[in-house]
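Participant: Below is one structure. I have some questions about it.
The values are calculated or read from the model by the stated rules, or taken from the named source; none is laboratory data. These numbers were taken from a predicted model, which means no experiment stands behind them. Note that each Cβ is placed from the backbone with ideal geometry, even for glycine, and that neighbours are counted across all protein chains shown. Ligands, DNA and RNA are excluded from the accessible area calculation, which covers all protein heavy atoms including side chains. Shrake-Rupley method; radii C 1.70, N 1.55, O 1.52, S 1.80 Å.
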Amino acid sequence: MNNIISTNIFRVPKLDAKLLSVSALLLAMDVILYKISIGPAFAPVTFGFISMALMGYLYGPVWAGILEMISNVICFTVFGSGTFQIAFLIGAFLGGFINGLFLYQKKINVFSVILSQLIIMIPISLLLNSWLMSILFNANFQAIFWSRLFRNLALIPIQIIIIMVVFTALEKRGLFKTFKF
C-alpha cells in the first residue's frame, strides 16, 4: 500500500514566493483548461484534469485540494459559469486531494494514475456531483446519473493516457525538479 498512496499526505508546503507564484500559475492554467471544452454543451469535455493532476503531483493532497477549491470559486466569480453551489467545493477539494494522494512524491506510474482517475471520475464526478446537481436543479438523480455515466466512462481512459503522456514528457525534460518543493 505504501507504493500506492504517498507518504506525508497531510503535509502542506511552506508558503514562500516560489510556492505562491507556481500555485498562481497552476491556478491560471486550471481556470483556462476548465474553460476550454470540446463536445456538446450538455456533456462538455474539458482539460482541467491535467492541471489538477499537476497540482496533486507537485504539492500533495491538501494544497492541491485547496487550489482546486480556489479554482472553482474563480471560475464562477470571473466567468459566471453555471450556478454557484458551495457544496461543489467538496468535490473540487476531493479531486485535488485524490490526485495528491496517489501522485505526490512518486515517480509517475500507470497504476497510480488509473487509481486516481477512477476514484475521481466514479465516486466524485459521477455520484457526488450528479447527486448535488439533482438537488441544485431539483431534477431526477437517475436521469442525471445515466446521462453522465457514459461520458465519464469514456473520459477515464482518455484522461489516463493524456496524464501519462504529459507527465512523462515533463519528467523527461526535468521540469518537475524545477517546481518541486
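The rows are residues; the columns are (1) more than 27 Å from I4 (Cα to Cα); (2) at pLDDT 95 or above.
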site	(1), (2)
F97	no, yes
L101	no, no
K107	no, no
V113	no, yes
Q117	no, yes
S130	yes, no
N138	yes, no
W146	yes, no
A154	no, no
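Participant: A follow-up question, please. Would you be able to tell me the number of residues in region 12-29 that are in contact (Cβ under 8 Å) with a residue 40 or more places away in the chain, within 20 Å of Q105 (Cβ to Cβ) and open to solvent by less than 80 Å² (accessible area, probe 1.4 Å)?
Facilitator: Qualifying residue count for the region: 6.
Participant: For the structure I just gave you, tell me whether N109 is without any contact (Cβ under 8 Å) to a residue 12 or more places away in the chain and polar (S, T, N, Q).
Facilitator: Answer is yes for this residue.
Participant: I've got another one for you. How about region 33-46: which of its residues are surrounded by 14 or more Cβ atoms within 10 Å (Cβ to Cβ) and not aromatic (F, W, Y)?
Facilitator: L33, K35, S37, A43, V45, T46
Participant: Sort out for me the helices (runs of 4 or more DSSP H) sitting completely within region 47-128 that have 1 or more residues that are open to solvent by 30 Å² or more (accessible area, probe 1.4 Å), in contact with a Phe, Trp or Tyr (Cβ under 7 Å, 6 or more places away or on another chain) and under 23 Å from E171 (Cα atoms).
Facilitator: Once the helices (runs of 4 or more DSSP H) in region 47-128 are filtered for at least 1 residues that are open to solvent by 30 Å² or more (accessible area, probe 1.4 Å), in contact with a Phe, Trp or Tyr (Cβ under 7 Å, 6 or more places away or on another chain) and under 23 Å from E171 (Cα atoms), what remains is 110-119.
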